[in-house]
Structures are given as C-alpha cells and as structure tokens.
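Below: one structure, written as structure tokens.
The values are calculated or read from the model by the stated rules, or taken from the named source; none is laboratory data. Predicted model only: the values in this text are computed from it and were never measured. Every residue, glycine as well, gets a Cβ built from its backbone with ideal geometry; the counts of neighbours run over all protein chains shown. These area figures cover heavy atoms from the full protein model, side chains too; ligands, DNA and RNA do not enter into them. Shrake-Rupley method; radii C 1.70, N 1.55, O 1.52, S 1.80 Å.
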Amino acid sequence: MNSNFYINNRARFAERMEDYSTAVFFSGKAPRESADQEYEFSVDRNFFYLTGIDREDMVLIINKIAGKVTEALYIPPVDEYFEKWFGILMRKEEAQELSGIKTIEERDSFMAQFAKKLSSSDRPDNVYIFSYIADKDESYDSYRSLAHWIRNQYPAVNIKSSLDIMIELRSSKHEEEVNEIKTAIGYTKEALEFVMKNLKPGKFEYQVKADFEYQLMLRGSKPSFKTIGASGAKAVILHYIELKQKIEDGSLILLDLGALSNNYASDITRTYPANGKFTQRQKDIYNIVLEAQDVTMDAMHVGASEVEVNDKVKAHFAKGLRSLNIIKDDADVEKYYYHGIGHPLGLDVHDLRRRDKIMQENNVYTVEPGLYIKEEGIGIRIEDDVWVTKGGIINLSKDIIKTVNDIENFMK
C-alpha cells in the first residue's frame, strides 16, 4: 500500500467529523511484563489504518475547524543513545513518506500544543477519541487518560467516540486490504500443508503449533492470534490454548489459527484426523459441519442479517444431529453449537462490527460453523474467510483443502 491509501482514509474520516472538532489517535505502547521486560508491541489498528505506520508512542491529530482540515503527526525525537540499545527510531522524512502527513512534530511537545489548541480562539468544540463507549472493563489506556484530562481541564469541550466512524470506514474493505488478507491466507495455507504432512499420533499439541508458527516465520509472518490446537475431547473448548496434550491415535485435532500480512489477518480453522484417516462417525459429523458452511455462504449477501444466517445454520444442524440420534428436540442444538456463524475480519481478527450486524458490500467475514459433542469427545469446526461483494460471496480461502477425501489423500 502506498501513502495515498492512508491519505484517503484520513480524508474520509475528516468528512464524517463534525466541524470545529479535533480527533486524536495513539499508536500505543507495549505495557511492562516484568521488571526488565515489556510485552511485544502491537500497533493500535485505527492509528495504522490512518497512517500506515507501525511504531510505538506516536500521536495523530486531525483538526476540522471552519471546514478546513489540518493534520499533524507527533513522533519520538531521535535519541542516539536509545538507538544503540534498542533500534533505529523513525525520522521525519520516513514518517512523511509512509503516511503522506506533511506536519511532523516531536512527541514530547504533544500535550503542550494540544492544551494550547484547546485554549485558543479557534478551539474545537469536540474532541474525538477512540473508545468502546467506556465500558467499565475497558483498559485504562492513553485514550481514557486523555479523556479524563480533558474533562478536568476543559469541561466545556465535548468528548466524542470515533468508534462509529471507524466501524463505517474499516468495515468496507478496499482491494488493497483484501489482497493483504489473501496474502495472509496464503501463508496459512502453506503452513497448514506442512502441518498435515507432519501430523501423527504421539505428537504433542504444542509441537503442531510449533510446526505451524515456524512455517510462518520462514515467510516473514507471525500468528494473527494465539494458535488453538485442540485434540480429542479438548476440541469442545472453543478457545483452548494450553496445547499440552499428547495427540492420540484415532483422534481429531482442531486447528484454529491465522497469519498476518502488513497487520491484516487471516483466520482459518481446519479439523484433521491424527492418523490421516477419519472414522465413519467422525466423517459423518464432519460432513454435516462442511455442509453447514455451504448453508452459511448460500445465505450470505449484501444486506443479510448475521442473526438470520445463523438461524439457518442452526436449522441445518438440528436436522443433522437428529439424523445422528444425538438430539430429539431442535432446541437442543445449542448444546452442541454454541457460537455464531462468524465475524468481520481485517486489521483485527475480530474486526470492528456494525451494531445491527447487517452485512455490507465489501465486508470480509469468517464462516465458521462447528459441532462440539462432549459425550463423544469430538469437536469439529471448519472456517474460511469470505469477501461479501455486490456480485456474491467470494471464498478467499477456497484453496485450503477441507473435504474428507482431499484431506485423507493429502495426508497419505
């Protein structure tokens, strides 16, 4: 992606701002993990979406005063001593080239300049910060700290959440973004094929995770979230990440995993037989889940409701579970299928989502039906990433094999 992509994203954000407003976006900082360690840095995805910069401790300001839009980027000052120990800091010229922002200021001057702006004759009436409507469990981050400071120092200034604007902008993916997701899916496909060729009874779940993540590292990528590798009865736990169990002969392993490309994520789930062959019972349940994917994709379209699509999947599962003599009452399907059909995907694995849960043109969604039969120690989920277009659903991960025959033939 070039700087024009980020320039256009900021322009579209500014169009949606109220006049006489300022928006603030922080790139974030990695919190302390221990006395001498910090957690790995992960850039604030909204900041990245608007700048294309993946660096710590930066601030983006977008001003809209009397219809005129200005912007500035605050970056850490160059510190040669710091660079000897930790790495090269970003220079003004690089920040300008990546983001297309012409005004670059030193990070240390941000609060003084921001306070001066709020006290000036052309001060903003509103300040936009990013917040999930200040949920009581929301982390006390830079945004909330700034909001408290504004309330104390400038009580006449309105604090607005930029959440709804960012949902609108980020939900509809541009072709450049879809290509990044496709690249991440390609990494996932290649890594999964390595996993399949090396999967065997007696391995530990963490060894399968290591196989997958090593292949991502070889491609300059990394996991988009904590790898789930649940074998046997552990597969009925949706977010099982302990990965300590030995994989038994005759069992299945459910792998929910993904990769990153330029911070865009893939999210794929496949379920494989440890010894390369499904039992008949596993095959019967697997095919019901695989058919549920078709039901889901057939029901998805621009304007479709996630809830209505999920209801169709539940009806399919009820029929399938009855045929397997697992349930007698359709209402019992929720004992074996206890999540939704999927979620938006993009810069976040669970990307920003519209409150009405209506699919819009150019959304990217996961499609991930699953059945979890605790009494039989079987959990099966199959997940693909699809692009919702005006012309229909495009399965971006269709090349990652998933039929019983293809899996068994590949694992021979």
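Observations on the model:
- The modelled label-to-label distance between VAL69 and ALA112, using points 7 Å beyond Cα along the C-beta direction, is 3.0 nm.
- C-alpha long axis of helix 306-323 to longest principal axis of the chain, angle in °: 20
- Normalising the Debye intensity of region 75-178 to I(0), with uniform scatterers on Cα atoms only, and taking log10 at q = 0.13, 0.15, 0.19, 0.24 Å⁻¹ returns -0.75, -0.96, -1.19, -1.21.
- For region 302-412: rounded, prolate or oblate by the Cα gyration tensor [a/c cutoff 1.5]: oblate
- Rounded, prolate or oblate (a/c below 1.5 giving rounded, otherwise prolate when a/b exceeds b/c) for the chain by Cα gyration tensor: prolate
- Taken along the Cα-to-beta-carbon direction at a fixed 7 Å, the label points for GLU176 and PHE5 span 0.5 nm.
- Region 295-343 and region 207-249: distance between their alpha carbon centers, rounded to Å: 26
- Heavy-atom surface of the chain, accessible at 1.4 Å and reported per residue (Å²): 48
- Cα gyration tensor shape of region 172-411, rounded if a/c is under 1.5, else prolate or oblate by comparing a/b with b/c: oblate
- Treating r as the C-beta distance of ASN126 and ARG353 and R0 as 22 Å, the FRET efficiency rounds to 0.35.
- Beta bridge orientation in region 3-170: antiparallel %, DSSP, nearest 5: 60
- Options PHE114, LEU146, LEU163, ranked by Cα towards positive dipole end of the chain, top entry (Cβ charges): LEU163
- Centre separation in Å (Cα based) which lies between region 41-67 and region 153-192: 12
- Checked against a 29 Å cut-off, the cross-linked pairs LYS29/LYS357; LYS29/LYS398; LYS244/LYS402; LYS244/LYS328 give Cα-Cα distances beyond that limit for LYS29/LYS357; LYS29/LYS398; LYS244/LYS328.
- Between LYS222 and HIS239, the simple label model (points 7 Å from Cα in the Cβ direction) yields a spacing of 2.0 nm.
- Portion, in percent, of the accessible area of the chain that falls on carbon or sulfur, probe 1.4 Å: 48
- Trypsin sites (Lys or Arg not before Pro) within region 302-397, DSSP loop, no more than 10 other Cβ atoms inside 10 Å: LYS328, ARG355, LYS390
- Look at the alpha carbon pairs under 8 Å that are at least 6 residues apart: their mean separation over the length of the chain gives a relative contact order of 13 percent.
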